[in-house]
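In what follows, a single structure is set out as structure tokens and then discussed.
The values are calculated or read from the model by the stated rules, or taken from the named source; none is laboratory data. All values derive from a computational prediction rather than experimental measurement. Cβ placement follows ideal geometry from the backbone for every residue including glycine, while neighbour counts extend to all protein chains displayed.
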Amino acid sequence: MENEDVVRKIIEASGFSQPNPVQKAALEAGILDGKSMVVAAPTASGKTLIAEMAALKAIMKEGRKVLYIVPLRALASEKYEDFRRKYEPMGIRVAISIGDMDSSDPWLSRYDLIIITSEKLDSLLRRGIPWIGDVGLVVADEIHLMDSPDRGPTLEIVLTRLKQVARPAILALSATVSNHEEIAEWLEAGFIKSDWRPVKLYPGLCFDGEVSFFHPAESMKSMKSRNFRLAEGEAPLKSLVDDTMKKGKQSLVFVNTRKGAESAAENISRHIAKVLGQKEKEELSGLAEKAANALDRPTIQCKRLAACIAGGAAFHHAGLASGQRSLIEKAFRLGSIRFICATPTLAAGLNMPAYRVIVRDLKRFGSFRGMDFIPVLEVQQMMGRAGRPQYDSEGEAILIPKTKAEAEYAWDNYIKGEPEKVYSKLGVEPVLRTHVLALIASGATSTKKELMEFFFRTFYAHQYKDLSRIEGILNKVIGMLKEYGFVEGEAQGGKVDDGIFKKASMLIQRESEQLKPTAIGRRVAELYLDPLTAHYIINGLGRAHGMSLRVSNFPLLHMVANTMEMRPLMSMRKQDYEDVEALLAREEKSLLDPPPNTWDIAYDDYLRAIKTAYVIERWTEEVGEDMLLERHGITPGELRARLDNADWLLYSTQEMALLLGFKEQLLPIRKTRLRVKYGIREELLPLVRLKGIGRARARALHTNNVKGLEDLRKVPIQRLSEIIGQKTAEQVKNQLGEIDAKGEDKEAWEDFVQ
């Protein structure tokens, strides 16, 4: 396939007639010649199409695989659906891999274009996937997220490893990165920097009753004609909402807290509901009903969201259930919802058709600096959501400073300034202990010298030029991993002489010391656990084993709640202290980690872990999400994230118990994990084995005296249909037939859960 054919196919599949200026620059720079490249260009400038051109060339002409790395699962799903629609008709096999961290996903070997998160790719690299040498191109979307303390180090490690084991071309994309040349040098890549945007973006400030815009390519006279004054005496946000409605447009409103997003959405909804037409109200009413009933039992938050949607606005944050977030995003794309009030998480790459972005809050609270300005990079990401090619010919991003000082800062930094440089976040101990164990366990490095050589190839080393600080941390981490029994060291060479070369000889021996993973160390790396967490869990299981205790539900939940992976822990509210202290008094003797002294600095975190475990335990006692929100302040989205983490940690606990020979603990761990997964009491465990039987249906069956597989076999299909519905009843009966046909022990599952 010639390069011209590649370009033509991509452009046609995407609905365009010819490449835009950014894409032409990439083609001229050799993006189809297998060169690595950093593309720094505004949102909506066609960076994804550049990646698609390079991907199609690598797959169809060179027969190589392509990895497309994205930061978020939602963004991965969006890319997957888009690429599948466009490229599967061409015979390109598209896959998505964002889930199970304890699987090497061997089926991926059959696919050409794989959309994947950096964490999942890191997990695959730890397992030594055999097809990694077939990768010819790696696309790193949102490369500026290397600056993130959470996701940045993993992305950096993954790219460093790929450069080492596969040497693919790397295409790094970002709308907001100022040190693109530095990143390009590290990647041994060319770079393109462009300010071209298919939809003009007019950033501006709303202050002192006036909205003032800026555009570097337009005259002051032109900008003055665009500026406008607010209605006399009206709040800025209300006036901007009115103006957006008059234009018949949609808007994203960014605020700094979840509560703020909900409050702003309620105010906007009440305000604009008066001007909605009858047909629009009917459509929104249907959407509101779906949002309200997204969970088994509607929470206060569900009802608030439904009320907002009925008026044409919605709030969007991580506390919502995933189904509610998807519903809001789809309705906004279709134009049904006019305004979304969101926390900055919505700024991360999702394609949303907002003519206008309003950034209401320019500051947010941080644990170290208190209220401080949001980084320029983040604000410019939010602003970049305004004006999308499929919907508008221009877009507006309006910031609302609260004081004159804020206005001056915003104009100089957010409107006219450059985003901060991207800095590596690799050089801290919690990050290094996880990745050092992974490098040793996977065989990527086997001596301290090789470890140092690996880190010398990272962006951290390229940026800071000095590894002396990181070397000190590495020595400490290696010592810790040896102490925990995850790594073994074996000196090379003979006995060290006592002569003048003794010091040099010892140094050489330390540098060449063989570092080998133990069986448990290798498993910890595969399980994607922080070694500190793994050591803590092993100690807890060992304590129970030594005391001949069989662990039970709450002690297990507290153990996994008190790990690094469950941070940040649930905050303690005034009404929580009495419950938590009483629970601690009741369970103290059974806990696998005794409480510290009340004056110890760790005591507050210990109580927060107790609360976190208590909320999860209440979930396993079938307490509804509505009650958990009302009583403990935990939203459905937060709860689901905690439950997913707890499920993974319990699975990891089970795997380590199996490997270490703590067999007496396996059954209670498995039971607790199933109860967390389904949110059920132990008596329902026999029923949830079957597909289609979850929390609510299992309880309904049990209430009607159907308590296990044998009861399900005996109950007539008509009666079963009355309890759980005809379709599910038929599905259950079919599954029972399949179980019997396989000759499985009819009581095996019941025996397991007794």
| said: Need pairs with beta-carbon distance below 9 Å; first residue at positive phi and in the same structural domain as residue 696 (by TED's automatic domain parsing) and within the stretch 712-726, second surrounded by 12 or more Cβ atoms within 10 Å (Cβ to Cβ) and in a helix (DSSP H, G or I); sequence gap 6+ or separate chains. | reply: 725/697
| task | Name the residue, out of 287, 305, that is surrounded by fewer than 24 Cβ atoms within 10 Å (Cβ to Cβ), in contact with a helix residue (DSSP H, G or I) (Cβ under 6 Å, 6 or more places away or on another chain) and at pLDDT 95 or above. | result | 287
| field | Selected residue (criterion: farthest from the chain's Cα centre (by Cα)) from residues of the stretch 337-354 that are over 19 Å from residue 259 (Cα atoms), modelled with pLDDT under 95 and part of a loop (DSSP other than H, G, I, E, B) | value | 353
| query | Does the stretch 387-405 hold any residues that are within 13 Å of residue 351 (Cβ to Cβ) and touching an Asp or Glu at 6+ places or on another chain (Cβ under 9 Å), and which are they? | reply | 387
| said: Among the residues in the stretch 226-246, are any more than 16 Å from residue 399 (Cα to Cα), under 34 Å from the mean Cα position of the chain (by Cα) and crowded, with 19+ Cβ neighbours inside 10 Å? | reply: yes
| query | Do the conditions hold for residue 529, that is, is it part of a loop (DSSP other than H, G, I, E, B) and buried (at least 19 other Cβ atoms within 10 Å of the Cβ)? | reply | yes
| query | Within the stretch 652-661, can one find any residue that is under 25 Å from residue 534 (Cβ atoms), touching a residue at least 24 places away in the same chain (Cβ under 8 Å) and part of a loop (DSSP other than H, G, I, E, B)? | reply | no
| message | I need every pair where a residue in the stretch 543-554 that is not assigned by TED's automatic domain parsing to the domain that holds residue 650 has its Cβ under 8 Å from the Cβ of a residue that is part of a helix (DSSP H, G or I), sequence separation at least 6 or different chains. | response | none
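Listed here are the residues, each with its yes/no results for (1) part of a loop (DSSP other than H, G, I, E, B); (2) under 19 Å from residue 187 (Cα atoms).
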residue: 32; (1), (2): no, yes
residue: 35; (1), (2): yes, yes
residue: 42; (1), (2): yes, no
residue: 45; (1), (2): yes, no
residue: 49; (1), (2): no, no
residue: 52; (1), (2): no, no
residue: 56; (1), (2): no, no
residue: 60; (1), (2): no, no
residue: 67; (1), (2): no, yes
| message | Could you tell me how many of the residues in the stretch 182-223 are at pLDDT 90 or above, touching a strand residue (DSSP E or B) at 6+ places or on another chain (Cβ under 8 Å) and surrounded by 14 or more Cβ atoms within 10 Å (Cβ to Cβ)? | response | 21
| request: For residue 471, state whether it is among the acidic types (Asp, Glu), assigned to a helix (DSSP H, G or I) and touching a residue at least 12 places away in the same chain (Cβ under 8 Å). | output: yes
| said: Would you confirm, using the coordinates I've provided, whether residue 211 is touching a Ser or Thr at 6+ places or on another chain (Cβ under 8 Å), within 25 Å of residue 404 (Cβ to Cβ) and in the same structural domain as residue 379 (by TED's automatic domain parsing)? | reply: no
